[in-house]
Amino acid sequence: MAPRVGVLDLQGDVAEHVEALQRAGAETFRIKRVEQLADLDGLVIPGGESTAIGKLMTRYGFMDAIPREARRGMGVYGTCAGLILVATEIDGSSQPRLGLIDMVAKRNAFGRQRESFEIDLDLPELGKEPVRAVFIRAPYVGSVGPGVRVLARVGEKIVMASAGKHLVTAFHPELTEDPRVHRYFLDLLGKS
Amino acid sequence: MSKQEPNAGAQGTWRVKAGLAQMLKGGVIMDVTTPEQAKIAEEAGAVAVMALERVPADIRAAGGVARMADPTIITRIMESVTVPVMAKARIGHFVEAQILEALGADYIDESEVLTPADEEHHINKNKFKVPFVCGARNLGEALRRIGEGAAMVRTKGEPGTGNVVEAVRHLRTVMDEVRKLQTLDEDELMAEAKNLGAPYELLSEVKRLGRLPVVNFSAGGIATPADAALMMQLGADGIFVGSGIFKSRNPAARARAIVLATTHYNDPKVLAEVSKDLGEAMPGIEISKINQAEMMQTRGW
(Lines give C-alpha, C1' and ligand atoms only; values in the text may rest on other atoms or scores of the structure.)
Protein backbone atom coordinates (compact mmCIF):
# COMPACT_ATOMS: atom_id res chain seq x y z
CA MET A 1 0.00 0.00 0.00
CA ALA A 2 1.29 3.48 -0.82
CA PRO A 3 2.45 5.44 2.24
CA ARG A 4 0.16 8.32 3.25
CA VAL A 5 2.23 11.48 3.28
CA GLY A 6 1.05 15.02 4.03
CA VAL A 7 2.65 18.30 2.98
CA LEU A 8 2.26 21.09 5.50
CA ASP A 9 0.26 23.65 3.52
CA LEU A 10 0.70 26.91 5.42
CA GLN A 11 3.22 28.60 3.13
CA GLY A 12 5.97 27.56 0.72
CA ASP A 13 6.50 25.27 -2.27
CA VAL A 14 3.73 22.84 -1.35
CA ALA A 15 2.64 21.87 -4.88
CA GLU A 16 6.21 20.96 -5.86
CA HIS A 17 6.48 18.56 -2.91
CA VAL A 18 3.08 17.03 -3.63
CA GLU A 19 4.20 16.30 -7.20
CA ALA A 20 7.59 14.94 -6.07
CA LEU A 21 5.94 12.64 -3.51
CA GLN A 22 3.51 11.37 -6.14
CA ARG A 23 6.42 10.63 -8.49
CA ALA A 24 8.04 8.71 -5.63
CA GLY A 25 4.87 6.66 -5.10
CA ALA A 26 3.11 8.22 -2.10
CA GLU A 27 -0.55 9.02 -1.54
CA THR A 28 -0.52 12.75 -0.77
CA PHE A 29 -2.50 15.21 1.33
CA ARG A 30 -2.30 18.97 1.84
CA ILE A 31 -2.34 19.68 5.55
CA LYS A 32 -3.86 22.93 6.82
CA ARG A 33 -5.25 21.79 10.18
CA VAL A 34 -3.82 19.61 12.97
CA GLU A 35 -6.72 17.13 12.82
CA GLN A 36 -5.50 16.09 9.37
CA LEU A 37 -2.26 14.67 10.85
CA ALA A 38 -4.00 11.81 12.61
CA ASP A 39 -3.39 8.90 10.25
CA LEU A 40 -0.40 10.05 8.23
CA ASP A 41 2.72 7.91 7.84
CA GLY A 42 4.82 10.94 7.02
CA LEU A 43 4.78 14.73 6.81
CA VAL A 44 6.87 17.08 4.65
CA ILE A 45 7.61 20.57 5.87
CA PRO A 46 8.32 22.37 2.59
CA GLY A 47 10.68 25.11 1.58
CA GLY A 48 9.45 28.57 2.39
CA GLU A 49 10.22 31.25 4.94
CA SER A 50 10.97 29.61 8.27
CA THR A 51 9.80 32.62 10.31
CA ALA A 52 6.48 32.80 8.45
CA ILE A 53 5.84 29.04 8.55
CA GLY A 54 6.93 28.90 12.21
CA LYS A 55 4.48 31.61 13.24
CA LEU A 56 1.61 29.92 11.42
CA MET A 57 2.55 26.56 12.96
CA THR A 58 2.49 28.06 16.44
CA ARG A 59 -0.81 29.81 15.85
CA TYR A 60 -2.56 26.71 14.54
CA GLY A 61 -1.21 24.21 17.08
CA PHE A 62 1.29 22.34 14.89
CA MET A 63 4.22 22.92 17.26
CA ASP A 64 2.59 20.52 19.75
CA ALA A 65 0.71 18.28 17.34
CA ILE A 66 3.64 17.33 15.06
CA PRO A 67 5.94 16.06 17.87
CA ARG A 68 2.94 14.18 19.30
CA GLU A 69 2.29 12.47 15.95
CA ALA A 70 6.03 11.81 15.59
CA ARG A 71 5.96 9.90 18.90
CA ARG A 72 3.06 7.90 17.44
CA GLY A 73 5.37 6.93 14.55
CA MET A 74 4.93 9.62 11.88
CA GLY A 75 8.17 10.53 10.08
CA VAL A 76 8.95 14.16 9.20
CA TYR A 77 11.02 15.42 6.27
CA GLY A 78 12.06 19.08 6.37
CA THR A 79 13.56 20.87 3.35
CA CYS A 80 15.35 24.21 3.81
CA ALA A 81 12.89 26.14 6.02
CA GLY A 82 11.66 22.74 7.14
CA LEU A 83 15.20 21.77 8.19
CA ILE A 84 15.31 24.78 10.50
CA LEU A 85 11.93 23.99 12.05
CA VAL A 86 12.80 20.34 12.69
CA ALA A 87 16.03 21.11 14.61
CA THR A 88 16.46 21.10 18.38
CA GLU A 89 18.46 24.33 18.20
CA ILE A 90 18.45 27.32 15.82
CA ASP A 91 21.65 29.31 15.92
CA GLY A 92 21.03 32.88 17.11
CA SER A 93 17.26 32.53 17.34
CA SER A 94 14.67 31.72 19.94
CA GLN A 95 11.89 31.08 17.41
CA PRO A 96 9.77 28.00 18.16
CA ARG A 97 10.96 24.72 16.66
CA LEU A 98 9.91 21.07 16.68
CA GLY A 99 13.10 19.55 18.10
CA LEU A 100 12.74 16.25 16.23
CA ILE A 101 16.40 15.89 15.20
CA ASP A 102 19.21 16.61 17.66
CA MET A 103 21.13 19.23 15.67
CA VAL A 104 21.92 22.93 15.39
CA ALA A 105 20.46 24.68 12.34
CA LYS A 106 22.18 27.74 10.90
CA ARG A 107 19.96 30.04 8.84
CA ASN A 108 20.86 31.77 5.55
CA ALA A 109 24.22 30.19 6.10
CA PHE A 110 25.46 30.28 2.52
CA GLY A 111 24.64 33.99 2.10
CA ARG A 112 21.97 36.05 0.39
CA GLN A 113 20.08 35.17 -2.80
CA ARG A 114 22.94 36.10 -5.17
CA GLU A 115 25.02 33.40 -3.42
CA SER A 116 22.31 30.77 -3.93
CA PHE A 117 23.59 27.90 -6.08
CA GLU A 118 23.05 24.44 -7.50
CA ILE A 119 25.59 21.64 -7.47
CA ASP A 120 25.96 17.93 -8.24
CA LEU A 121 25.95 16.14 -4.90
CA ASP A 122 27.31 12.59 -4.63
CA LEU A 123 24.92 10.53 -2.54
CA PRO A 124 26.13 6.92 -2.80
CA GLU A 125 23.10 5.70 -0.85
CA LEU A 126 20.84 6.93 -3.63
CA GLY A 127 22.85 5.42 -6.46
CA LYS A 128 25.78 6.21 -8.71
CA GLU A 129 24.29 9.27 -10.42
CA PRO A 130 24.81 12.44 -8.36
CA VAL A 131 21.77 14.39 -7.16
CA ARG A 132 21.37 17.91 -8.59
CA ALA A 133 21.00 19.87 -5.35
CA VAL A 134 19.46 23.36 -5.45
CA PHE A 135 20.36 25.62 -2.50
CA ILE A 136 18.25 28.79 -2.10
CA ARG A 137 19.23 31.13 0.75
CA ALA A 138 19.87 27.77 2.34
CA PRO A 139 20.58 26.85 5.93
CA TYR A 140 22.97 24.10 6.95
CA VAL A 141 23.40 21.88 9.96
CA GLY A 142 26.19 23.15 12.22
CA SER A 143 26.54 20.07 14.40
CA VAL A 144 24.58 16.94 15.22
CA GLY A 145 24.05 14.90 18.37
CA PRO A 146 24.44 11.15 18.80
CA GLY A 147 22.06 9.02 16.77
CA VAL A 148 21.93 11.48 13.86
CA ARG A 149 23.24 10.21 10.57
CA VAL A 150 25.05 12.71 8.34
CA LEU A 151 24.28 11.88 4.71
CA ALA A 152 25.91 14.71 2.76
CA ARG A 153 28.10 17.75 3.14
CA VAL A 154 29.09 20.69 0.98
CA GLY A 155 32.60 21.55 2.15
CA GLU A 156 32.42 21.05 5.89
CA LYS A 157 28.74 21.99 6.02
CA ILE A 158 26.21 19.25 6.69
CA VAL A 159 23.36 19.53 4.16
CA MET A 160 21.51 16.22 4.61
CA ALA A 161 20.92 14.16 7.74
CA SER A 162 18.49 11.65 9.19
CA ALA A 163 17.46 10.30 12.56
CA GLY A 164 15.01 7.41 12.78
CA LYS A 165 12.17 8.19 10.36
CA HIS A 166 13.06 11.89 10.17
CA LEU A 167 15.03 13.45 7.34
CA VAL A 168 16.33 16.93 6.53
CA THR A 169 17.91 18.46 3.44
CA ALA A 170 19.20 22.02 3.12
CA PHE A 171 18.51 21.74 -0.62
CA HIS A 172 15.33 21.32 -2.67
CA PRO A 173 14.95 17.97 -4.46
CA GLU A 174 11.35 18.99 -5.22
CA LEU A 175 12.68 21.58 -7.70
CA THR A 176 14.11 18.84 -9.93
CA GLU A 177 12.51 15.83 -11.62
CA ASP A 178 14.69 13.34 -9.70
CA PRO A 179 12.45 11.40 -7.25
CA ARG A 180 15.26 9.64 -5.35
CA VAL A 181 15.41 11.83 -2.24
CA HIS A 182 11.64 11.64 -1.75
CA ARG A 183 11.79 7.90 -2.35
CA TYR A 184 14.52 7.68 0.30
CA PHE A 185 12.13 9.40 2.75
CA LEU A 186 9.36 6.93 1.87
CA ASP A 187 11.81 4.09 2.54
CA LEU A 188 12.59 5.55 5.97
CA LEU A 189 8.84 5.62 6.71
CA GLY A 190 8.63 1.91 5.87
CA LYS A 191 11.16 0.98 8.55
CA SER A 192 9.91 0.31 12.05
CA MET B 1 28.28 9.93 3.39
CA SER B 2 29.35 12.30 0.66
CA LYS B 3 31.43 15.40 0.78
CA GLN B 4 31.72 18.14 -1.78
CA GLU B 5 33.86 21.21 -2.17
CA PRO B 6 32.00 24.50 -1.72
CA ASN B 7 31.91 27.18 -4.44
CA ALA B 8 31.98 24.54 -7.16
CA GLY B 9 28.27 25.18 -7.72
CA ALA B 10 26.53 27.34 -10.31
CA GLN B 11 25.07 30.64 -9.07
CA GLY B 12 22.32 32.73 -10.62
CA THR B 13 20.87 29.81 -12.59
CA TRP B 14 17.26 29.93 -13.75
CA ARG B 15 16.32 27.25 -11.22
CA VAL B 16 17.84 29.23 -8.36
CA LYS B 17 16.16 32.47 -9.48
CA ALA B 18 12.69 31.05 -10.12
CA GLY B 19 13.12 28.80 -7.09
CA LEU B 20 13.20 31.65 -4.57
CA ALA B 21 9.82 32.82 -5.85
CA GLN B 22 8.51 29.26 -5.43
CA MET B 23 9.57 29.42 -1.76
CA LEU B 24 7.50 32.60 -1.32
CA LYS B 25 4.26 31.01 -2.52
CA GLY B 26 1.23 31.23 -0.27
CA GLY B 27 2.85 34.20 1.45
CA VAL B 28 2.59 37.96 1.71
CA ILE B 29 5.28 40.43 0.63
CA MET B 30 4.97 43.81 2.34
CA ASP B 31 6.20 47.29 1.40
CA VAL B 32 8.28 48.86 4.17
CA THR B 33 10.18 52.14 4.43
CA THR B 34 12.06 51.73 7.74
CA PRO B 35 13.76 48.93 9.74
CA GLU B 36 10.97 49.29 12.33
CA GLN B 37 8.30 48.62 9.71
CA ALA B 38 10.36 45.71 8.35
CA LYS B 39 10.40 44.14 11.81
CA ILE B 40 6.63 44.59 12.18
CA ALA B 41 6.17 42.89 8.80
CA GLU B 42 8.47 40.00 9.69
CA GLU B 43 6.82 39.60 13.09
CA ALA B 44 3.43 39.43 11.36
CA GLY B 45 4.66 36.57 9.16
CA ALA B 46 5.62 38.33 5.91
CA VAL B 47 7.66 36.05 3.61
CA ALA B 48 9.65 39.01 2.28
CA VAL B 49 9.70 42.79 2.45
CA MET B 50 9.97 45.39 -0.30
CA ALA B 51 12.36 48.16 0.81
CA LEU B 52 11.16 51.55 -0.38
CA GLU B 53 11.67 55.22 0.31
CA ARG B 54 7.93 55.85 0.03
CA VAL B 55 4.93 53.55 -0.32
CA PRO B 56 2.95 53.90 -3.59
CA ALA B 57 0.17 55.99 -2.00
CA ASP B 58 2.76 58.57 -0.96
CA ILE B 59 4.53 58.41 -4.34
CA ARG B 60 1.15 59.10 -5.94
CA ALA B 61 0.53 62.03 -3.60
CA ALA B 62 4.01 63.50 -4.01
CA GLY B 63 4.08 63.37 -7.82
CA GLY B 64 7.32 64.17 -9.67
CA VAL B 65 9.91 61.55 -10.58
CA ALA B 66 10.09 58.47 -8.36
CA ARG B 67 13.45 56.67 -8.35
CA MET B 68 15.25 53.77 -6.70
CA ALA B 69 15.46 54.18 -2.91
CA ASP B 70 18.60 55.48 -1.19
CA PRO B 71 20.93 52.49 -0.68
CA THR B 72 21.20 53.34 3.02
CA ILE B 73 17.50 52.63 3.49
CA ILE B 74 17.79 49.29 1.68
CA THR B 75 20.92 48.27 3.60
CA ARG B 76 19.44 49.16 6.98
CA ILE B 77 16.33 47.14 6.21
CA MET B 78 18.48 44.19 5.05
CA GLU B 79 20.32 44.31 8.38
CA SER B 80 17.11 44.37 10.42
CA VAL B 81 15.34 41.20 9.19
CA THR B 82 16.17 37.64 8.12
CA VAL B 83 13.45 37.35 5.44
CA PRO B 84 14.41 38.20 1.83
CA VAL B 85 14.55 41.90 0.99
CA MET B 86 13.34 43.11 -2.40
CA ALA B 87 13.90 46.57 -3.87
CA LYS B 88 12.53 48.47 -6.85
CA ALA B 89 14.35 49.75 -9.92
CA ARG B 90 12.77 51.95 -12.59
CA ILE B 91 11.57 50.24 -15.77
CA GLY B 92 14.56 50.04 -18.13
CA HIS B 93 17.02 51.49 -15.59
CA PHE B 94 19.61 48.71 -15.63
CA VAL B 95 22.11 50.75 -13.65
CA GLU B 96 19.73 51.06 -10.71
CA ALA B 97 19.41 47.27 -11.00
CA GLN B 98 23.20 46.86 -11.01
CA ILE B 99 23.36 48.94 -7.83
CA LEU B 100 20.65 46.88 -6.15
CA GLU B 101 22.45 43.67 -7.10
CA ALA B 102 25.72 45.06 -5.68
CA LEU B 103 23.91 45.93 -2.42
CA GLY B 104 22.80 42.31 -2.11
CA ALA B 105 19.05 42.78 -2.55
CA ASP B 106 17.47 39.33 -2.85
CA TYR B 107 14.98 40.23 -5.61
CA ILE B 108 14.64 43.28 -7.87
CA ASP B 109 11.22 44.59 -8.78
CA GLU B 110 11.38 46.40 -12.13
CA SER B 111 8.39 48.45 -11.19
CA GLU B 112 5.79 50.72 -12.75
CA VAL B 113 5.39 52.35 -9.33
CA LEU B 114 8.59 54.26 -10.11
CA THR B 115 8.87 56.63 -13.07
CA PRO B 116 10.06 54.66 -16.14
CA ALA B 117 13.59 55.39 -17.37
CA ASP B 118 13.04 53.86 -20.81
CA GLU B 119 9.80 54.05 -22.77
CA GLU B 120 10.69 51.25 -25.16
CA HIS B 121 12.89 48.67 -23.45
CA HIS B 122 12.80 46.87 -20.16
CA ILE B 123 15.95 45.69 -18.38
CA ASN B 124 17.64 42.63 -19.90
CA LYS B 125 17.19 40.61 -16.76
CA ASN B 126 19.02 37.56 -18.12
CA LYS B 127 22.27 39.46 -17.56
CA PHE B 128 21.83 39.48 -13.79
CA LYS B 129 22.52 36.88 -11.10
CA VAL B 130 19.85 38.37 -8.87
CA PRO B 131 16.28 37.44 -9.85
CA PHE B 132 13.66 39.95 -11.02
CA VAL B 133 9.92 40.29 -10.55
CA CYS B 134 7.93 42.36 -13.06
CA GLY B 135 4.37 43.60 -13.35
CA ALA B 136 1.90 42.47 -16.02
CA ARG B 137 -1.72 43.17 -16.94
CA ASN B 138 -2.15 40.25 -19.31
CA LEU B 139 -0.51 37.08 -20.56
CA GLY B 140 1.41 38.75 -23.39
CA GLU B 141 3.00 41.28 -21.05
CA ALA B 142 3.84 38.56 -18.52
CA LEU B 143 5.53 36.41 -21.18
CA ARG B 144 7.47 39.36 -22.62
CA ARG B 145 8.89 39.99 -19.13
CA ILE B 146 9.70 36.31 -18.64
CA GLY B 147 11.35 36.35 -22.07
CA GLU B 148 13.58 39.18 -20.81
CA GLY B 149 14.51 37.04 -17.81
CA ALA B 150 11.94 37.82 -15.10
CA ALA B 151 11.81 34.83 -12.71
CA MET B 152 8.56 35.94 -11.08
CA VAL B 153 5.54 37.93 -12.22
CA ARG B 154 2.98 39.98 -10.37
CA THR B 155 -0.25 41.23 -11.85
CA LYS B 156 -0.14 45.01 -11.56
CA GLY B 157 -3.46 46.24 -10.26
CA GLU B 158 -3.38 49.99 -9.60
CA PRO B 159 -0.80 50.64 -6.85
CA GLY B 160 -1.46 53.01 -3.97
CA THR B 161 -5.23 53.08 -4.39
CA GLY B 162 -6.49 50.60 -1.79
CA ASN B 163 -8.93 49.59 -4.53
CA VAL B 164 -8.75 45.95 -5.57
CA VAL B 165 -10.72 46.27 -8.82
CA GLU B 166 -7.71 46.58 -11.13
CA ALA B 167 -5.90 43.71 -9.38
CA VAL B 168 -8.97 41.55 -10.08
CA ARG B 169 -9.14 42.68 -13.69
CA HIS B 170 -5.50 41.87 -14.39
CA LEU B 171 -5.44 38.50 -12.65
CA ARG B 172 -8.68 37.44 -14.32
CA THR B 173 -7.28 38.49 -17.67
CA VAL B 174 -4.12 36.41 -17.23
CA MET B 175 -6.04 33.37 -15.96
CA ASP B 176 -8.61 33.64 -18.78
CA GLU B 177 -5.91 33.90 -21.42
CA VAL B 178 -4.13 30.84 -19.99
CA ARG B 179 -7.42 28.90 -20.02
CA LYS B 180 -8.20 30.00 -23.57
CA LEU B 181 -4.78 28.75 -24.66
CA GLN B 182 -5.69 25.24 -23.48
CA THR B 183 -8.56 25.16 -25.97
CA LEU B 184 -6.49 26.26 -28.97
CA ASP B 185 -5.22 23.84 -31.54
CA GLU B 186 -1.43 23.54 -31.82
CA ASP B 187 -1.72 25.06 -35.33
CA GLU B 188 -3.26 28.24 -33.92
CA LEU B 189 -0.45 29.03 -31.49
CA MET B 190 1.66 31.23 -33.76
CA ALA B 191 -1.28 33.51 -34.57
CA GLU B 192 -2.06 33.70 -30.85
CA ALA B 193 1.59 34.56 -30.12
CA LYS B 194 1.25 37.39 -32.61
CA ASN B 195 -2.06 38.56 -31.09
CA LEU B 196 -0.69 38.60 -27.56
CA GLY B 197 2.75 39.89 -28.48
CA ALA B 198 4.19 36.93 -26.63
CA PRO B 199 7.25 34.81 -27.45
CA TYR B 200 6.08 31.63 -29.22
CA GLU B 201 8.24 29.23 -27.18
CA LEU B 202 6.92 30.57 -23.88
CA LEU B 203 3.33 30.49 -25.10
CA SER B 204 3.85 26.90 -26.11
CA GLU B 205 5.17 26.15 -22.60
CA VAL B 206 2.13 27.81 -20.99
CA LYS B 207 -0.15 25.66 -23.12
CA ARG B 208 1.71 22.53 -22.05
CA LEU B 209 1.81 23.47 -18.33
CA GLY B 210 -1.67 25.01 -18.10
CA ARG B 211 -0.18 27.86 -16.09
CA LEU B 212 2.57 30.50 -16.23
CA PRO B 213 6.08 29.02 -16.15
CA VAL B 214 6.94 31.21 -13.11
CA VAL B 215 5.23 32.13 -9.86
CA ASN B 216 2.57 34.86 -10.18
CA PHE B 217 1.64 37.07 -7.23
CA SER B 218 -1.16 39.62 -7.13
CA ALA B 219 -0.43 43.29 -6.41
CA GLY B 220 -1.87 46.79 -6.61
CA GLY B 221 -4.79 47.74 -4.38
CA ILE B 222 -5.02 44.95 -1.81
CA ALA B 223 -6.06 46.50 1.51
CA THR B 224 -7.99 43.89 3.54
CA PRO B 225 -7.76 40.19 4.46
CA ALA B 226 -10.79 39.59 2.23
CA ASP B 227 -9.00 41.27 -0.70
CA ALA B 228 -6.03 38.94 -0.21
CA ALA B 229 -8.25 35.84 -0.04
CA LEU B 230 -10.16 37.01 -3.14
CA MET B 231 -6.95 37.19 -5.16
CA MET B 232 -5.83 33.77 -3.87
CA GLN B 233 -9.17 32.22 -4.82
CA LEU B 234 -8.86 33.75 -8.27
CA GLY B 235 -5.57 31.89 -8.68
CA ALA B 236 -2.74 34.10 -7.36
CA ASP B 237 0.27 32.26 -5.90
CA GLY B 238 0.71 34.94 -3.22
CA ILE B 239 0.13 38.58 -2.35
CA PHE B 240 1.99 41.88 -2.47
CA VAL B 241 0.64 44.52 -0.11
CA GLY B 242 2.02 47.97 -0.64
CA SER B 243 0.35 50.92 1.01
CA GLY B 244 -2.41 48.72 2.45
CA ILE B 245 -0.58 47.93 5.68
CA PHE B 246 1.35 50.98 6.80
CA LYS B 247 -1.33 53.41 5.59
CA SER B 248 -3.91 51.69 7.79
CA ARG B 249 -4.78 52.52 11.40
CA ASN B 250 -3.25 49.41 12.97
CA PRO B 251 -0.47 48.04 10.72
CA ALA B 252 0.66 45.13 12.95
CA ALA B 253 -2.84 43.69 13.34
CA ARG B 254 -3.71 44.20 9.67
CA ALA B 255 -0.43 42.67 8.49
CA ARG B 256 -1.02 39.57 10.62
CA ALA B 257 -4.63 39.28 9.45
CA ILE B 258 -3.63 39.48 5.78
CA VAL B 259 -1.03 36.74 6.33
CA LEU B 260 -3.60 34.46 7.96
CA ALA B 261 -6.16 35.19 5.24
CA THR B 262 -3.62 34.32 2.55
CA THR B 263 -2.93 30.93 4.17
CA HIS B 264 -6.60 30.11 4.83
CA TYR B 265 -8.02 31.85 1.75
CA ASN B 266 -10.53 29.06 1.20
CA ASP B 267 -11.93 29.02 4.73
CA PRO B 268 -14.60 31.74 5.25
CA LYS B 269 -14.78 31.03 8.99
CA VAL B 270 -11.12 31.84 9.42
CA LEU B 271 -11.54 34.88 7.16
CA ALA B 272 -14.42 36.15 9.30
CA GLU B 273 -12.36 35.66 12.44
CA VAL B 274 -9.23 37.44 11.19
CA SER B 275 -11.19 40.33 9.68
CA LYS B 276 -12.47 41.46 13.10
CA ASP B 277 -11.32 44.60 14.92
CA LEU B 278 -8.60 45.70 12.53
CA GLY B 279 -9.34 49.41 12.73
CA GLU B 280 -9.68 51.57 9.67
CA ALA B 281 -8.23 50.38 6.33
CA MET B 282 -6.25 52.78 4.17
CA PRO B 283 -8.40 55.39 2.43
CA GLY B 284 -9.26 54.13 -1.07
CA ILE B 285 -9.36 55.90 -4.40
CA GLU B 286 -12.02 55.42 -7.07
CA ILE B 287 -10.12 54.46 -10.26
CA SER B 288 -12.21 56.75 -12.50
CA LYS B 289 -11.09 59.71 -10.38
CA ILE B 290 -7.44 59.10 -11.30
CA ASN B 291 -6.08 61.28 -14.07
CA GLN B 292 -5.09 59.04 -17.00
CA ALA B 293 -1.53 60.39 -16.91
CA GLU B 294 -1.21 59.32 -13.28
CA MET B 295 -2.15 55.68 -13.87
CA MET B 296 0.79 53.48 -12.96
CA GLN B 297 -0.46 50.27 -14.58
CA THR B 298 -0.04 51.59 -18.12
CA ARG B 299 3.71 51.98 -17.62
CA GLY B 300 5.56 49.01 -19.16
CA TRP B 301 5.62 47.84 -22.76
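The values are calculated or read from the model by the stated rules, or taken from the named source; none is laboratory data. What you see is a predicted model; the values in this text were computed from it and never measured. Using ideal geometry, Cβ is built from the backbone for each residue, glycine included, and neighbour counts are taken over all protein chains shown. To get the accessible areas, we keep the full protein, side chains included, count just its heavy atoms, and leave off ligands, DNA and RNA. Shrake-Rupley method; radii C 1.70, N 1.55, O 1.52, S 1.80 Å.
With each label modelled as a point 7 angstrom along the Cα→C-beta vector, the A:Arg59-B:Gln11 pair spans 3.5 nm.
Listed by chain and number, the lysines whose C-alpha is less than 20 Å from the C-alpha of A:Lys128, apart from same-chain residues fewer than 8 away, are B:Lys3.
Of the residues B:Asp187, B:Asp118, B:Asp70, ranked by 1.4 Å probe accessible area with the largest first, the sequence reads B:Asp187, B:Asp70, B:Asp118. Remark: mean inter-chain Cβ contacts per residue of A:155-164 equal 2, using a 10 Å Cβ-Cβ cutoff to other protein chain atoms. On full extension, the segment bounded by A:Asp39 and A:Thr88 gains 15.2 nm, given 0.36 nm per residue less the C-alpha separation. Over the stretch B:255-301, the hull volume per residue, using the convex hull of the C-alpha atoms, is 141 Å³.
Taking only protein heavy atoms into account and a 1.4 Å probe, give the accessible area per residue of chain A in Å². Write out the running numbers ahead of the final one.
On the way: 6960 Å² over 192 residues.
So chain A comes to 36 Å² accessible per residue, rounded to a whole number.
Size of the dipole of chain B about the Cα centre, Lys and Arg at +1 and Asp and Glu at -1 on the beta carbon, nothing else charged, in debye to 20?
340 debye
Rounded to two decimals, the Cα-based Rg/Rh of the stretch B:151-301, with Kirkwood Rh, is 1.04. When the stretch A:4-189 is described by a simple charge dipole with +1 on each Lys and Arg Cβ and -1 on each Asp and Glu Cβ, the residue from A:His172, A:Gln95, A:Val18 located farthest towards its positive end is A:Gln95. Legend: residues in the stretch A:1-39 shielded by at least 20 square angstrom of accessible surface upon adding the remaining protein chains to the isolated chain (1.4 Å probe, heavy atoms) are A:Leu10, A:Gln11, A:Gly12, A:Asp13, A:Glu16, A:Lys32. The residues of chain B present an accessible area of 40 Å² per residue when probed at 1.4 Å with all protein chains retained. Computed from protein heavy atoms with a 1.4 Å probe, the total accessible area buried between A and B is close to 3800 Å². Pairs over the 30 Å Cα-Cα cut-off, from the set A:Lys157/B:Lys156; A:Lys32/B:Lys17; B:Lys17/B:Lys207; B:Lys25/B:Lys269; B:Lys17/B:Lys39: A:Lys157/B:Lys156. Taking only alpha carbon atoms, the stretch A:4-189 gives an Rg to Rh ratio of 0.92, where Rh is the Kirkwood radius.
Amide H to amide H, with H built 1.01 Å from N, B:Ala136 comes under 5 Å of B:Arg154, B:Thr155, B:Lys156, counting only residues 5 or more places away or on other chains. For the segment A:105-117, counting C-beta atoms of other chains within 10 Å of every residue's C-beta and taking the mean gives 6. Classify the stretch B:1-142 as rounded, prolate or oblate from the Cα gyration tensor: take a ≥ b ≥ c as the square roots of its eigenvalues, call it rounded if a/c is under 1.5, otherwise prolate when a/b beats b/c and oblate if not. Judged from the Cα gyration tensor, the stretch B:1-142 comes out oblate (a/c at least 1.5, b/c at or above a/b). For B:Glu280, the solvent-accessible surface with a 1.4 Å probe is about 110 Å², rounded to the nearest 10. The accessible area of A:His172, taken with all protein chains in place and a 1.4 Å probe, comes to roughly 0 Å². Applying the Karplus relation 6.51 cos²θ - 1.76 cosθ + 1.60 with θ = phi - 60° to the stretch A:11-27 yields 3J(HN,Hα) values of 5, x, 8, 5, 4, 5, 5, 4, 5, 5, 5, 5, 4, 7, x, 9, 8 Hz, where x marks Gly and Pro.
One Cα centroid belongs to the stretch A:11-59, the other to the stretch A:114-152; the line between them spans 21 Å.
Partner shielding of A:127-137 amounts to 3, given as the average count of beta-carbon atoms from other chains within 10 Å of each residue beta-carbon.
Using alpha carbons only, the radius of gyration of the protein assembly as shown set against its Kirkwood radius gives Rg/Rh = 0.96.
Distances between placed amide hydrogens fall under 5 Å for A:Met103 paired with A:Thr88, A:Glu89, A:Gly145, all partners being 5 or more residues away or on another chain.
Largest to smallest in accessible area, the residues B:Ser243, A:Ser93 fall in the order A:Ser93, B:Ser243 (1.4 Å probe, all protein chains included). Between A:Ala152 and A:Val159, A:Met160, B:Ser2, the built amide H atoms are under 5 Å apart, and every one of these is 5 or more places off in sequence or on another chain. Say a paramagnetic label sat at a point 7 Å from the Cα of A:Met1, along Cα to Cβ; which residues of the stretch A:176-192 have their backbone N under 14 Å from it? So the set is A:190.
Counting only helical runs of four or more DSSP H residues, what would the 222 nm mean residue ellipticity of the protein assembly as shown come to if each run contributes -39,500 (n - 2.57) and the total is spread over all its residues? Mean residue ellipticity at 222 nm (helix-derived): -10500 deg cm²/dmol. Working note: Cα gyration tensor of chain B, eigenvalues times five, square-rooted, sorted largest first, giving semi-axes of 27, 24, 21 Å.
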